[in-house]
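Engineer: The structure's right below; bear with me while I get my questions together.
Nothing in this text is a laboratory measurement; each read-out follows from the coordinates by a stated rule. Being a predicted model, the structure only gives us computed values, none of them experimental. Cβ: placed from backbone, ideal geometry, glycine included. Neighbour counts: every protein chain shown.
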Amino acid sequence: MTLRVSLGLVVLFETLVFAQVAVPPISPQVTGTFPHGGQRGKEIEISLQGRNLQDTTSILFRSPKLQATVLSADPYTVKARVKIAGDAEPGRHDLRLIAKHGSAIGYFDVATFVETNESEPNNDPKKAEELKFPALVNGLVTAGDYDFFRFTAATGQTLTFDVLGTRNGSNADTAISILDEAGEELAYSDDYYGFKDPRIVYVFPKAGTYLLRLSGSSEAGCETCDYRLFAGEAPFAELAMPAGARQGSTVEFAVRGFNLDKAKEVTLGDGLARGTVISSKADEARVRMVIPKNAEPGAYRLHVDGAMRPAPFVISQYNEVTVADGRARSRKDPVPVTLPVVANGVIDKPKAADYFVLRVDEPKRVVLEAHAMQLDYLTDPLVVIYDENGKRLAYQDDPTTNTGKEPANMDPHLVFQLPKAGRYVAMIRDAQYRGDPSFLYRLTMKDAEPDFTIRTIGTDETLYRGRTNPVLVRVRRLEGWNAPVEVWAENLPQGVRVKPVIAEPKNTPYTGTCGETHYLDGTNIEVQFEVDQDAPLSLSEIRFRGRGVFEGRTVERTARARYFKRRIRHIGDAEEEQLRAVVADAPGVVLDVPRTLTMTKNGEASLTAIVTRLDGGGSPLEVTLETAAEGLSMQPVSVPPASTRADLKLRASATAPGDFLLVGRVNGTVIGKSHPVRVRRQP
Amino acid sequence: MKGLAILAPALCFGAQLSILPPAIQLNGTDATQTFLVSYTDDAGYEHDVTSECVTSNLARASMKKVTVKCRGLQASVPVVVKASARPPGVSFVNDVSPIFTMSGCAGANCHGSIRGQRGFKLSLFGNDPKLDYEAIMGGDHKRVNLKEPGKSLLLTKPTTETPHGGGFRFAPDSLQYRTLFDWVQQGGSYDTNDGVRITELNVYPEERVLLGADKTQQLVAIAKYSDGSVRDVTRLVQYSSNSPDTVQVDAKGMIKALQSGETSIMVRTMGKAVAARILVASGATAKDYPNVARFNYVDEHIFTKLRRLNIRPSELADDGQFLRRAYLDNLGLLPTEAESRSFLDSTDSQKRSKLVDNLLERREFADVWALKFTELFRAGTREAGAKGARIVYDYVRQSFRENKPYDRFVRELLLSQGSHSFPNSSIAGLRQSPTSFYNVSFDSNAPDHATNVSQLFLGVRLECAKCHNHPWEKYTQDDFYGFAAFFARVGIKEVYENDENATQYMEEGVVEHPKKKQRMDPKFLDGPSIKDQEDADIREALSDWLASPKNPFFARTIVNRVWKHYMGRGFVEEVDDFRVTNPPTHPALLDALAEDFIAHKFDMRHLIRTILNSRAYQLSAIPNDSNRSEVLNYSHFRIRRLQAETLVDAMSEVTGVAEKFAGYPLGTRAMQVYAGGGGYMLSSFGRLSRDIICERDSQPDMAQTMHMISGSTIQNKVNKTKLDLASTDDILLDRVFLTSLVRKPTDAERSAVMEKIKTGSDRKAVYQDLLWAILNSKEFLYQH
């Protein structure tokens, strides 16, 4: 009896220690893709760079019009062939890489133009590559690298130069310049889009030969900093106005942008609807379109002749008004609206604001919800409600601030109790009083209908056998919802258990970079996934659901998966609605090593491996070398149980390059291996 | 034109007698007033003849004026006698407290320091008499002995009867001692009427030219009080000379000239300060003083003053010197060989002014000012980073290229908001918006903005008033936080997913007085408070006031900056430190340039053109016997080391080897390196780190010398220099000298080089050595 209790305590103790150690990322991580897209109708070979990519079994796309075949995989590189159907929807598609030990999501851009890859050396104007319009160039920009492209332009010609980098999940923060033949900079762009990508639309005052210079911003760059450069005179859609329509309606809208006089084909989403171009000129095409009655409300992409940048177009359930002609600019004479309604407008001039008057017959709770940044526009909206005497009753700028640490929400969602029957004025403007013809907004004004949404913070998880794995879920309360929400998970793999978690109606605080307190736009909860030691290894789509009761009404919602911005450089809903989870084994030890090591013949090199013990760590870890490389040796090192690093000395007696890996043993048993390290030899 | 008016009549009229102050007010029957009598000689110099004169009407209580006779001349001054509203006896505020300042007790290095001295803390220069009173009477260590006044520490310390770390301050038979003794004896009480304070302090004469060393002049100080009374405080103020080697002053206000030069005598009491400007001319008027031609009104001021000081200006710079100077100052570049030849060969009498017009239209002209302002705004530091710096740089550059009126430029800066990372060319509505202007530091806040804006655009350094009432200036903490309240709603937020920030005028925001804990209303400097409006941007009102033609600070501050850029020294130094105790050297010219600038709608090119077309700018740097040591009056061109960027770019031009700056494409000139950094050579030659607002230091040092001798920059450029060795030596030599020094080689220089070549030295190596020598010569390294 005594012995059994003691053993139980030991097991309990081991489990506690085990549970405290966070597992380092051993699931696949994709840090670069090249090329980061392809032309529809083509079959191309792509290379994905990253870590933990060994044992990649497949690459999946949500759209059946994209099919991938894995050609090879090692810890750092996966090569695959991608077949893009001729009618695949242009734009961004989610790419999911699946391995035995986890999955990772990435972006893949489908374009309609003939693509080329840049070829170095092109870092000098004299070695500039020729651009033939329309051009789509896939390139890489390393630190200090400059890519020069030469082209000719006619007098008065409008050319667009648009770089798809960070918006496509790349690490490349690029800048571009147009230079004349003498090298004089005519135009420059560093950040145009909200994700650092540059764009120049330039009207050439005279015919001639010009250069486009592309580099990392301040010469930054990396081996996986890829970009897709579009250049040419093809139609380029900036926005649609109105930027949405009601289900089942026939809508006439203007597509604004550049070179639109050549626009012929306007398509909503993946063929959901097709528009007819009624008239067109260089900066605007007028389009008529029938929105299907059964179209799901939400944001779609509007494609104009397969342009690089589709314009957002939202299908709603409400009446819509358009005030882009400036008729809502007067505070004294606001545009009357009847709730519920969606107003479509553009803050086209600095300091401009649009005003709407709404009349209510009794006190009621209303919501003003703006959409701008969520549609990828640069407008940073701010909404205000005034009473009929012009007194400001309430305002909202950002539901949650952007600190770079947590996903932000800069589009207002103002819920306000109108105190009595009467006239009220709603105002929307840019928070920084800016204005530009591209500063689009959609403002939904309606009676509040309390509700909530659930989102996972991330699109994939690795669930380790024998462990409790936390998964983050955020509950966002909308339109005045103020009650707890119970969240649970469904479609669980065999051997996995989850207890429901209550999300209290309090926004979750977090600490900013300077120690200040911020609040999320919702409540983060950790849902604990308990995985049996003998649970089958598997890959499954897990569905989260939530239920709450507010003001006597029960609401139940299903979660959507959301990108984790650091991984994908974007906040928003993923194409795949559910989170994909892999049940896998955690190794006994993770030995984190650099990808390469430079050595000289007969020389020594130091290497530090970061050690994470996941076996309980009661005994010393012996680290040895495993290699087939000639002349490479290392004295085994014993790492004490509490240590998190192993300082190693390697010796090379030959000059041939080769790979090695580190092996971790406890009491003679292998509990983990590192990734291979490539030895670069210097003579 | 005030200063010129002071100087000009003296040159235009014959001898005369005058009295200062120009009017006398006596409050109370026992009131007294010192006055000065000045005799102006035929040459226009004024002499203190007070002691020589005979005065009438002095004893009559009903007198309406005082008349003096002297040297056969007569002058009068009106006198008004008013009843005194003051209670009898010694006032702590108006009699006792000033003694602490005049005796040096309330100075920043004594009891007026932030922590006081040995447990005794007075307000700095008597700006808070109530605090002084409490320091004397409060606590366990009273400094007065009401039963035996003579044993009060207040008296035994300054007389050193009791050991005193501050030493001897005044004697037992002095006026100060008597006043303090009487105050203690009458009960050591604080004034019942605390509200009567000095509102204005004046000193006479405000300006005086003393003709030669040993000349003396009495100063008279007069205080005006909040109850309307006036008092002679000549013996109650503290005097100090800004240049004691030039002019000394004693405790009674008597000044004495020691050597030629110029200085200000500071007069301080009760938190007030004024300055008397004293110029010492070099002996008698020179009979052979040259008739100096004046090109414009700038020269009227400059040469009139030089004439008064008996300083002969240098000759006009020759064409080569002028050409080089004008290029370097305006473009940061040297003229090309062709440009030099064209200018030097031209016989056009208007070629200098035509050159000026041409340079101001060049694109590189805007680069020079873009970098200057980008640096002043400290753009690119911290959060805003290089992207933010580029936006500001591009904005300033474009502003100068289109010659945007300076008032509009500043207005746009003040009202700027939006993302710090979007280049102006990207978004039409945001074109040229210098959005990171407010994002100087990571935690920039309203007090920081107030400090920066006042220093940058008003030439007023307010930061002292952030912590305490400003010792000399009129600005109090109320003024500071009132001014800061204009920026209460200027916030920083991160907008886009690009890790960069934006400036936003927030819906709400307050500035609180740190001591009074009260919300401050926005208040203009020297002006009223206004109410912040919910739906308005209060910075609109600020910019209307700040960039107004009526703002006395605004135009003068930028004029002073521009003047310094071209002339090497501001009328006021430091250029952003305008205050009573730091008066300009040429107030009338400063005002005239400012008025002209305003009249031309804040046209920067007009201002610069006016300066460049003046003879003063075009003077030679070679001094004469008369002006060799003169440094304040622009009697010769002030030589100065080339600005770091100009030097590097000039070296690149001369050698044909471009410099590569990290983060910038090859071909970027140093003047276009908009963010901080730029490499070792730039920083060692004075490129600023942008931590604080300041002008460049153009002083040479050993690190610079070593870098020019053997540093990587010069080695790389000389070794890789592109020489057309197919050319003849005559052509090559001319080219090297013209491109670097804007002149042809002298015969001696030509011979020395040819000698080397003839003796068999490697020809390329000879030219490389020549380049090295030229680049290391003062003639190359200096603007002259």
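Engineer: Would you calculate, for chain A, the mean residue ellipticity at 222 nm contributed by helices, counting each DSSP H stretch of 4 or more residues as -39,500 (n - 2.57) and dividing by all residues, to the nearest 500?
Structural biologist: About -1000 deg cm²/dmol.
Engineer: Using only alpha-carbon positions, what ratio does the radius of gyration of the range B:91-204 give when scaled by 2.2 N^0.38 Å?
Structural biologist: Compared with the compact-globule rule of thumb, the range B:91-204 sits at 1.00.
Engineer: How large is the direction-averaged shadow of the alpha-carbon convex hull of the range A:377-423, in nm²?
Structural biologist: Over all viewing directions, the range A:377-423 projects a mean Cα-hull area of 4.3 nm².
Engineer: Going out from 0 in 10 Å bins, what whole percent of all Cα-Cα distances in the protein assembly as shown drops into each bin?
Structural biologist: 1, 6, 12, 15, 16, 15, 13, 10, 7, 4, 1, 0, 0
Engineer: For chain B, what does the helix formula give at 222 nm: sum of -39500 (n - 2.57) over DSSP H segments with n ≥ 4, over the residue count, nearest 500 deg cm²/dmol?
Structural biologist: After summing the helix terms and dividing by the residues of chain B, the value is -10500 deg cm²/dmol.
Engineer: Expressed as a fraction of 2.2 N^0.38 Å, the rule-of-thumb size for a compact globular protein of N residues, what is the C-alpha radius of gyration of chain B?
Structural biologist: That works out to 1.10 for chain B.
Engineer: Further question: Round to a whole angstrom and tell me the spacing of the C-alpha centers of the range B:360-402 and the range A:209-232.
Structural biologist: 24
Engineer: Also, quick follow-up: Can you tell me which of B:366-372, A:264-270, A:598-604, A:104-110 comes out highest on packing, and rank the rest after it, using the mean Cβ neighbours within 10 Å?
Structural biologist: The packing order, highest mean first, is A:104-110, B:366-372, A:264-270, A:598-604.
Engineer: Here's a follow-up. Mind ordering A:210-217, B:742-749 by average Cβ neighbours within 10 Å, highest first?
Structural biologist: Going from most to least packed, we get A:210-217, B:742-749.
Engineer: Work out how much length A:T57 to A:D180 would gain on full extension: take 0.36 nm times their residue separation and subtract the Cα-Cα distance, in nm to one decimal.
Structural biologist: That works out to 39.4 nm of additional length.
Engineer: If all Cα-Cα distances of the range B:165-206 are sorted into 5 Å bins from 0 onward, what percent lands in each bin, rounded to whole numbers?
Structural biologist: Cα pair-distance distribution for the range B:165-206, in percent: 5, 15, 13, 16, 20, 20, 10, 2.
Engineer: Output wanted: per-residue J couplings in Hz (rounded whole) for the range A:321-333, from phi through Karplus 6.51 cos²θ - 1.76 cosθ + 1.60, θ = phi - 60°, x for Gly and Pro.
Structural biologist: 10, 10, 10, 5, 7, x, 6, 9, 7, 9, 5, 6, 10
Engineer: Related question: Using only Cα atoms, find the angle between the long axis of helix A:2-20 and the longest principal axis of chain A, and express it within 0 to 90 degrees, rounded to the nearest 10.
Structural biologist: 50
Engineer: How far is it, in nm, from the label point at A:T600 to the one at B:S346 when both lie 7 Å from their Cα along the line to the Cβ?
Structural biologist: Going by the 7 Å Cα→Cβ label model, 6.0 nm.
Engineer: Specify which residue in the list A:A85, B:G482, A:V593 is farthest towards the positive end of the charge dipole of the protein assembly as shown, using unit charges on the beta carbon of Lys, Arg (+1) and Asp, Glu (-1), about the Cα centre.
Structural biologist: Working it through, the farthest residue towards the positive pole turns out to be B:G482.
Engineer: Does the range B:491-575 come out rounded, prolate or oblate, given a ≥ b ≥ c as the square roots of the eigenvalues of its C-alpha gyration tensor, rounded meaning a/c under 1.5 and, failing that, prolate meaning a/b above b/c?
Structural biologist: Oblate shape, in that a/c is at least 1.5 and b/c is the bigger or equal ratio.
Engineer: When all C-alpha to C-alpha distances in chain A are sorted into bins of 10 Å, what percent of pairs does each bin hold, rounded to whole numbers?
Structural biologist: 3, 13, 21, 24, 19, 12, 6, 2, 0, 0
Engineer: In whole percent, what relative contact order does the range A:40-138 give with Cα contacts below 8 Å and a gap of six or more residues?
Structural biologist: 25
Engineer: So what is the relative contact order for chain B, in percent, with contacts set as C-alpha pairs under 8 Å and at least six apart?
Structural biologist: 11
Engineer: To continue, here is another question. I'd like the mean, over residues of A:434-441, of how many other protein chain beta carbons sit within 10 Å of each residue's own Cβ.
Structural biologist: Mean number of neighbouring Cβ atoms from other chains: 4.
Engineer: Between B:S113 and A:E296, what FRET efficiency comes out of the Förster formula 1/(1 + (r/R0)^6) with R0 = 60 Å and r the beta carbon distance, rounded to 0.05?
Structural biologist: Here the calculated transfer efficiency is 0.25.
Engineer: Still on this structure, I have one more. Give the angle, between 0 and 90 degrees and rounded to the nearest 10, that separates the Cα long axis of helix B:175-185 from the longest principal axis of the Cα atoms of chain B.
Structural biologist: On a 0 to 90 degree scale, this one is about 50.
Engineer: Further, regarding this structure: Running Debye on the range B:477-630 with equal point scatterers at the Cα sites and no solvent, what base-10 log of I(q)/I(0) appears at q = 0.14, 0.20, 0.21 Å⁻¹?
Structural biologist: -0.87, -1.20, -1.25
Engineer: Contact order normalised by length for chain A, with contacts defined as Cα pairs under 8 Å and 6 or more residues apart; what percent is it?
Structural biologist: 9
Engineer: Still on this model: Once amide H atoms are placed 1.01 Å from N in the peptide plane, what residues at a sequence separation of 5 or more from B:L316, or on another chain, have their amide H within under 5 Å of its amide H?
Structural biologist: Correct list: B:S620.
Engineer: Show me, for the range B:23-31, the HN-Hα J-couplings you get by feeding each phi into the Karplus relation (A = 6.51, B = -1.76, C = 1.60, θ = phi - 60°), rounded to Hz, glycine and proline as x.
Structural biologist: So the Karplus estimates, Gly and Pro as x, are 8, 10, 10, 10, 10, x, 6, 9, 6 Hz.
Engineer: Quick one: 3J(HN,Hα) in Hz for the range B:537-551, Karplus 6.51/-1.76/1.60 with θ = phi - 60°, rounded, Gly and Pro as x.
Structural biologist: 9, 5, 5, 4, 5, 4, 5, 4, 6, 5, 8, 6, x, 7, 6
Engineer: So what is the diffusion coefficient of the range B:312-353 in µm² per second by Stokes-Einstein at 20 °C and 1.002 mPa s, using a Kirkwood Rh over Cα pairs?
Structural biologist: Taking Rh from Cα pairs, D becomes 194 µm²/s.
Engineer: Distance in nm between label sites at B:A293 and B:A536, each 7 Å beyond Cα in the beta-carbon direction?
Structural biologist: If labels sit at B:A293 and B:A536, their model points lie 5.5 nm apart.
Engineer: Hey, another quick one. List, largest first, the extents of the alpha carbons of the range A:173-244 along their principal axes, each in whole Å.
Structural biologist: 44, 36, 16
Engineer: Over the range B:451-520, what portion of Cα pair distances is larger than 18 Å, expressed as a whole percent?
Structural biologist: Above the 18 Å cut-off, the range B:451-520 has 48 percent of its Cα pairs.
Engineer: Any idea how far apart A:K332 and A:E577 come out in nm if each label point goes 7 Å out from Cα toward Cβ?
Structural biologist: Going from the A:K332 label point to the A:E577 one covers 5.1 nm.
Engineer: Counting only other chains, what is the mean number of Cβ atoms within 10 angstrom of the Cβ of each residue in peptide A:217-224?
Structural biologist: Per residue, the number of nearby Cβ atoms from other chains is 3 on average.
Engineer: Step by step: find N for the range B:551-700, compute 2.2 N^0.38 Å, then divide the Cα radius of gyration by it. What's the final number?
Structural biologist: Rounded to two decimals, the normalised Rg is 1.19.
Engineer: Give the average, rounded to an integer, of partner chain Cβ atoms located within 10 angstrom of each Cβ in A:183-194.
Structural biologist: Mean partner shielding for this stretch: 5.
Engineer: With every atom except the alpha carbons ignored, what do you get for Rg and Dmax of the range A:284-376, in angstroms?
Structural biologist: 15.5, 49
Engineer: Mind listing the long-range amide H neighbours of B:M254? Cut-off is under 5 Å, sequence gap 5 or more, other chains count too, H placed in the peptide plane at 1.01 Å from N.
Structural biologist: Here B:L219 satisfy the definition.
Engineer: Over the range A:92-195, what portion of Cα pair distances is larger than 22 Å, expressed as a whole percent?
Structural biologist: Result: 41 percent of Cα pairs exceed 22 Å.
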